[in-house]
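Here's the structure, in structure tokens; my notes come after.
The values are calculated or read from the model by the stated rules, or taken from the named source; none is laboratory data. Computed from a predicted model, the values in this text were never measured in an experiment. Please note: Cβ atoms are built from the backbone with ideal geometry, for glycine as well, and neighbour counts cover all protein chains shown. What goes into the accessible areas is simple: the full protein's heavy atoms, side chains included, and nothing from ligands, DNA or RNA. Shrake-Rupley method; radii C 1.70, N 1.55, O 1.52, S 1.80 Å.
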Amino acid sequence: MAAKRLLSNSFSDQADEPKEKRTRPTPSFTSVIGEAIMDKCLSTALEPILRRVVHEEVERSLRARIRSFSRSPSLRIQAPQPSTLKLIFPKALTVPIFTGGKIVDEESNQLRVLLVDTRGNQTVLFPSPFKVDIVVLDGDFPLDGRNWSNEEFDRYIVKERTGKRPLLAGELVVTVRDGVGLIENIEFTDNSSWIRSRKFRIGAKVAGGSCQGVQIREAVTEAFVVKDHRGELYKKHHPPTLGDEVWRLEKIGKDGVFHKRLASEGVHTVQDFLKMWVVDHAKLRTILGPAMSEKMWNVTVKHAKTCVMGNKHYVFRGPDYKVLLTPICQLVNAEINGSIYTTHNLSDINRAYLENLVRKAYANWCSLEEIEGISDEIGLLTQGDHPNHQQPMVGSSQYKVYMTDRLIEGYIQNEMQANREISPIYFNTSSENGVRQNMFPSNSDDDLTSPKSFITWG
């Protein structure tokens, strides 16, 4: 009976269970909305708190990491050190530069680019050859001794004008071997007048793909003007020659005011200019007038005085005199009534007389007898009472010096010292290539514009 009772109770419990589930209350719409609003407000309130906590923890962790890095030298980040290698042009360029003309250095040799170490400017023997690009830079490139970046260098590279040929023609990629690269046959195809600075520079930079991992600073020349080749027809000569037209002198432009003023007074050549400067420099200065400043005058005369004289002399003859003159009317010696006069021991009366003869010779220059080289005529005028007159000696490095009592030609020390006093009329030197040049002495470096006398410089 007990078993039946338990079994019946078990069934009755199972029968009652669905009834309890059916009687559970269903949540209303209002209660659901309320719970959702409550959850949103809670997350909104907690979000800034959580963000702040996370931020503080991240910062604390980063600070700890940085402190650990600073304590360990091996983990510090090293700043890149500037390279000590650089390219240079060892010599300046020959200027002026004209379009179509070969660019050479100041000694008329082909350009070179060297790889050197800035710590001693010693040529560096790089392990292997590398390529260098030759480029044109704006004259405004800031060449002030500082370390510029590759990007800054590239910004100043100048390209050709629209519709023009490449600005630089020739061998523009050079191979540097053993620290030296030779630049051959490069020339400009356009002048520099069209850019703001009106000047160019030449630069050399390591070509892309060369010297991987090695920083080498670029080479840059001084700024220079490139003129159109037509301007070469009007360029000055350094040094000028006696036969050069007078506008070849500095500060005298072809067909300019000074050129026309000089031509109107019969001064057409450099020789004419120097003859008048010797005989009557005050008149020459007056011809040029106040438009030529003293600074310009100094430059012009200094340039003229570098003139190549050659080996000609001139003799002015009269009934009882012979006067020997240089190509620019400076007195060498004179024979008057059988007596030899030099520029060393003249009395005031003789000096005035000889000055008058020189002026007459200048006025009658076209009638003077021209003598080529050292002749017997010069020997007769210079031997005088000196029986030990020396015969000329020929040599590639000889100096011909006009002495106070005679003319001798021989070897003189570089310091121009001799046992006898030298009358400073002029020195005629022979260079290695056989070109004779004359150097005119003056009282000082500042006094270049007027000779003390066309008879003596003493």
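Placing a pseudo-label 7 Å from each Cα along the Cα-to-Cβ vector at ALA263 and GLN110 gives an inter-label distance of 4.3 nm.
SER61 to ASP178: FRET efficiency via 1/(1 + (r/R0)^6), r the Cβ-Cβ distance, R0 56 Å, to the nearest 0.05?
After rounding, the FRET efficiency stands at 0.50.
ILE340 contributes about 50 Å² of solvent-accessible surface, heavy atoms of the protein only, 1.4 Å probe.
A full extension of the chain between GLU187 and ILE336 corresponds to an added length of 47.6 nm, given 0.36 nm per residue minus the alpha carbon distance.
Of the accessible area of the range 312-372, computed with a 1.4 Å probe over protein heavy atoms only, carbon and sulfur atoms account for 46 percent. Taking all protein chains together, LYS305, LYS164, LYS236 sort by accessible area into LYS164, LYS236, LYS305, largest first [probe 1.4 Å].
Within the accessible area of the range 147-189, the carbon and sulfur atoms contribute 43%, probe 1.4 Å, all protein chains present.
Based on C-alpha pairs under 8 angstrom that are at least 6 apart in sequence, the range 236-306 has a relative contact order of 39 percent. In the assembled protein chains, VAL214 presents an accessible area of approximately 60 Å² (probe radius 1.4 Å). Based only on Cα atoms, what Rg/Rh ratio does the range 85-230 have, Rh being taken as Kirkwood's radius? Expressed as Rg/Rh, it is 0.95.
Summarising the label geometry, the points placed 7 Å from Cα in the beta-carbon direction at GLU369 and LYS295 lie 4.9 nm from one another. Mean sequence separation of contacting Cα pairs (under 8 Å, at least six apart), scaled by the length of the range 85-230, corresponds to a relative contact order of 36 percent. Taking a point 7 Å from the Cα of LYS131 along the Cα-to-Cβ direction, the residues of the range 194-225 with backbone N closer than 19 Å to it are 203-219. Residue order by solvent-accessible surface for ASP154, ASP144, ASP228, ASP190 is ASP144, ASP154, ASP228, ASP190, largest first, with ligands and nucleic acids left out and a 1.4 Å probe. FRET efficiency for the pair GLU171 and GLN122, taken as 1/(1 + (r/R0)^6) with r the Cβ-Cβ distance and R0 = 45 Å, rounds to 0.95. When all protein chains stay in place and ligands, DNA and RNA are ignored, the 1.4 Å accessible-area order of GLU294, GLU222, largest first, is GLU222, GLU294. For HIS238, the solvent-accessible surface computed with a 1.4 Å probe is close to 130 Å², ligands and nucleic acids excluded.
With a Förster radius of 60 Å applied to the beta-carbon distance between GLU355 and LEU143, the computed FRET efficiency rounds to 0.65.
Annotation: per residue accessible area for the range 236-306 equals 45 Å², rounded to a whole number [probe 1.4 Å, protein chains only].
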